[in-house]
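**Student:** This is the structure I want to talk about, given as structure tokens.
Values in this text are rule-based calculations from the coordinates and carry no lab data. In this text, all values refer to a predicted model and were calculated from it rather than measured experimentally. Ideal geometry is used to build each Cβ from the backbone, glycine not excepted, and the neighbour counts take in all protein chains shown.
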Amino acid sequence: MTRSWRSRYSPHLTFSSEQLRQVGQTISEEFSLRGSGATVPELVLMPVDPYHLHAYWHIDAGDTPAVQKGQQPGGKSDLRLRIFCQYKAQPGQSNSEPWFDVAVGTERNWCDVRLPLDNLRCRAALGIKSDNQPFAPLLFSNRVQAPKAGPSAVRTAAAERLKGAQLDRPTAPSDRPTASAASNRYDERLIDAIIRQALSDQNIRVKLKPQADREQDCKTEQTLIAPALSSHTIARRHIE
Amino acid sequence: MKKGFLSIILHAHLPFVHHPEQPSPFEERWLFEAITDCYIPLIRMFDRLLAAGTRYKLVLSLSPTLIAMLDNELLRERCLNHIKQMLALADKEMERTRVHAPAYHNLACMYQRLLSDNLYVYETCYQTNLLNAFIKHLEAGHVELITSAATHGFLPLLNQHESAVRAQLFAGVQAFEQALDIHPSGIWLPECGYYPGLERLLKKAGLHYFFADSHGILHASESPRLGVHAPLDCGNGVAAFGRDPDCSRRVWSATEGYPGDFDYREYYSDIGFELDLDYIRPHVLEGGIRVNTGIKYHKVTGGDRPKEIYNPVAAANKANEHAFDFLTQRRKQIEHLTPHMEKPPIIVAPYDAELFGHWWFEGPLWLESFIRQADMQDNNFELIGCTDYLVDHAQPMQKATPSESSWGENGYHRYWLNDKNDWIYPHLHQACRHMEDLANDYRNIPSDSLMDRALKQAARSLLLAQASDWPFIMKSGTTVEYAAKRVTDHLARFNYLYDSITNNRIDHHQLSALEIMDDIFPDIDYHYYCTAD
């Protein structure tokens, strides 16, 4: 017997499973996602962890020729993501907003950005930086706050005594566990993945791979960070 | 007077999977297996504890998508069929093992009894609606029920638009209230995902507490004087409880955790993959695609040795031992904490409910044994619900804002934002921007009009696209195609509705079809997305 379905809001209309499937398929085909998603020019920053942000953007069609003009052989371009980090250097000093540039190609519209410090409040500008020319911004982003990587500086004696129960601090980039180390430590993600996988009935064991260093793709071309920042251990990579 | 408290939190969640357009979709089995393997065993545990008069309380978070599915007529009907089919296989296995595999016959009998009991509990005791069971134990005072975000959206990555977070929270609370007829006091933030400022919306939604991972509390704006063993007041009265790392490790850890014990049942040994295909074909997917059946005859065993036959008695004994060990550890922990605390400490132990019974077959037995042993007079702690702790023991709370965190990879957001799933966020953000436009432009539309229905359906489509499950699956690498299709289909439906509404050409027929397929949150209020005053 063919079953029929009714909307609770229009009980007089009935559908067969096939009719429902056709409606779903037609809409999925006619309104499928096109492009990257954005339709208005925008630059969006999202915090990933204490030392990483994710950025994506959509450049206005009118600016595309300027971007393409700066394109060089080998996929290089003059397109830059300028990251501004709000930073209070020392007590008594005024806030500064040092920045650094990340070279981004024209072939994609996203980038992972590695931050020199945790807990930074950042904004970004996407623009063109040609030789001997000032940075020409095209888009400005929202402000985001990267998470903290450690406890607040002031630690009370009581908190010290309870320290024994404080385990599993997240890792900074410099001490991120290797694949083998990660497999030996408590890893809720792995367990959670296995549970969900088990529920999916696929019976394929999850083998987690070390996180790919995607920021390698987004090469920090210049490190123009203020001295206050550069005194920290920063992954300064002068490439090319 | 007990020296301290332990709060066990079980977070029950599955993504909304409902396909009336297909005869027997594979992904709906996620729910059926969770019902038979996890929720019914837990409910049977609650029933036994109630009958025994055991004193305890635990917190159970029911995600709004799970609530909707447990209450859904089609899924209940299909689940009942699923249980009956499993029982038919168990009957068949009893016959097969009696003649051809006598070593497994006792186990086959065990599964037959288990499935018969499951059928009785599901069909007869609770009329195929397990929400009735949870309400029963809520009313008995042993379970505190809390909610989660509407479709389990990962809030730190949705707050590009505050309306997206607002809708996830408010629609989640509304769905919970309508299904269970109570207001939730607390919320399980999806994936424990918190960002500073979220407490403002939580308060607006009438929520009094949430949970953060350990480092979210330990890295708070002010160093927490009592570590993770007392909640923080986020500054507006909303409390943040911190997860106790040791409780997590004892259960979750692949190396140190209890579930990996060699006497426990091996999940990956299942007759769906082990028996002759012609024999098992009626109980697997169309085309003879093998799947787990839930009938498993071997134990973990350990090493590279051939898997040994599962011994349920030995496993039950081991579950009791592990429960006692967990109890002993908590007693020691309370003894250690109490001298340093200015109020009775609380140890918060949250787990995915789906761990218990499905992946860890003996999990419900372990939990029941622990609860029974914890109800002993000489115990120095008491099992408590978070609301009771807040009311009776937590005040005054230290004021501090937790730090942004999750319980995912390395404690932050990488698992939900990486090269496998980052493509979804520009689409999700844009859809939210469009939903805000719709809500602002059509805010005074009469309710129950066709336009009102279309606006509500657009909100449903957006919420369903935002589930944290989809980027999670894309990253974990299982059923990736399905997860991607769910995101793209829901966004396509949203875009279709946006186009229909803005061009004032709503197709009644197509709208009704979408309402049937994405039949969730019947009274959703799209005004959650309004940004204008």
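**Student:** What FRET efficiency comes out for B:A51 versus A:D131 if R0 is 56 angstrom and r is the Cβ-Cβ distance? Round to the nearest 0.05.
**Tutor:** My answer for the efficiency is 0.10.
**Student:** Taking neighbour counts of Cβ atoms within 10 Å as a proxy for exposure, in what order, fewest first, do B:V121, A:V48 appear?
**Tutor:** Neighbour counts put them in this order, fewest first: B:V121, A:V48.
**Student:** Expressed as a rounded percentage, what relative contact order does chain B have, with Cα pairs under 8 Å and six or more residues apart?
**Tutor:** Details: 902 pairs, mean separation 114.3, N = 533.
Dividing the mean separation by the residue count of chain B yields 21 percent.
**Student:** Show me, for the stretch B:177-194, the HN-Hα J-couplings you get by feeding each phi into the Karplus relation (A = 6.51, B = -1.76, C = 1.60, θ = phi - 60°), rounded to Hz, glycine and proline as x.
**Tutor:** Listing the rounded values in order: 4, 5, 7, 10, 6, 9, 8, x, 7, x, 9, 8, 5, x, 6, 6, x, 10 Hz.
**Student:** Right, another one. Could you state the principal axis extents of the C-alpha atoms in chain B, from the largest down, to the nearest angstrom?
**Tutor:** Result for chain B: principal-axis Cα extents of 69, 64, 43 Å.
**Student:** Just the ratio, please: alpha-carbon radius of gyration of the stretch B:386-519 over 2.2 N^0.38 Å, N its number of residues. Intermediate values should be presented prior to the final figure.
**Tutor:** Working: Rg = 19.4 Å, N = 134, 2.2 N^0.38 = 14.1 Å.
Compactness ratio reported: 1.37.
**Student:** Give me the number: length gained by fully extending B:E342 to B:M451, i.e. 0.36 nm times residue separation minus the C-alpha to C-alpha distance, one decimal in nm.
**Tutor:** In short, 33.5 nm is gained.
**Student:** When all alpha-carbon pairs of the protein assembly as shown are counted, what percent fall beyond 44 Å?
**Tutor:** Summing the P(r) tail past 44 Å for the protein assembly as shown gives 28 percent.
**Student:** I would also like to ask the following. Quote the FRET efficiency, to the nearest 0.05, computed for B:E308 versus B:S116 with a Förster distance R0 of 35 Å and r equal to the Cβ-Cβ distance.
**Tutor:** FRET efficiency, B:E308 to B:S116: 0.85.
**Student:** Relative contact order of the stretch B:393-533: what whole-number percent is it, with Cα pairs under 8 angstrom and at least 6 residues apart?
**Tutor:** Across the stretch B:393-533, relative contact order equals 31 percent.
**Student:** Roughly how many nanometres apart are two label points built 7 Å out from the Cα toward the Cβ at B:K84 and B:K204?
**Tutor:** Simple spin-label model gives 4.8 nm for this pair.
**Student:** List B:S214, B:S24 from most exposed to least, where exposure is judged by having the fewest other Cβ atoms within 10 Å.
**Tutor:** B:S24, B:S214
**Student:** Gap in Å between the Cα centre of the stretch B:308-354 and the Cα centre of the stretch B:405-447?
**Tutor:** 38 Å
**Student:** Also: What are the GluC sites (Glu not before Pro) within the stretch B:281-356 that DSSP puts in a loop, where the Cβ has at most 16 other Cβ atoms within 10 Å?
**Tutor:** Sparse-neighbourhood loop GluC sites (Glu not before Pro): B:E308, B:E342.
**Student:** Moving on to the next point. Given a Förster distance of 22 angstrom, what is the FRET efficiency for B:H527 paired with A:A61, based on the Cβ-Cβ distance and rounded to 0.05?
**Tutor:** FRET efficiency, B:H527 to A:A61: 0.05.
**Student:** Based on other C-beta atoms within 10 Å, arrange B:V487, B:V228, B:V291 from fewest to most.
**Tutor:** Details: B:V487 23, B:V228 28, B:V291 19.
Exposure proxy ranking, most exposed first: B:V291, B:V487, B:V228.
**Student:** In nm, give the distance between the simple-model label positions of B:I289 and B:N129, each being 7 Å from the Cα along the Cα-to-Cβ direction.
**Tutor:** Calculated label separation equals 3.3 nm.
**Student:** Sequence-distant or interchain residues sharing an amide H contact under 5 Å with A:L13, placed H: which?
**Tutor:** Counting only residues 5 or more places away or on other chains, the set is A:S7.
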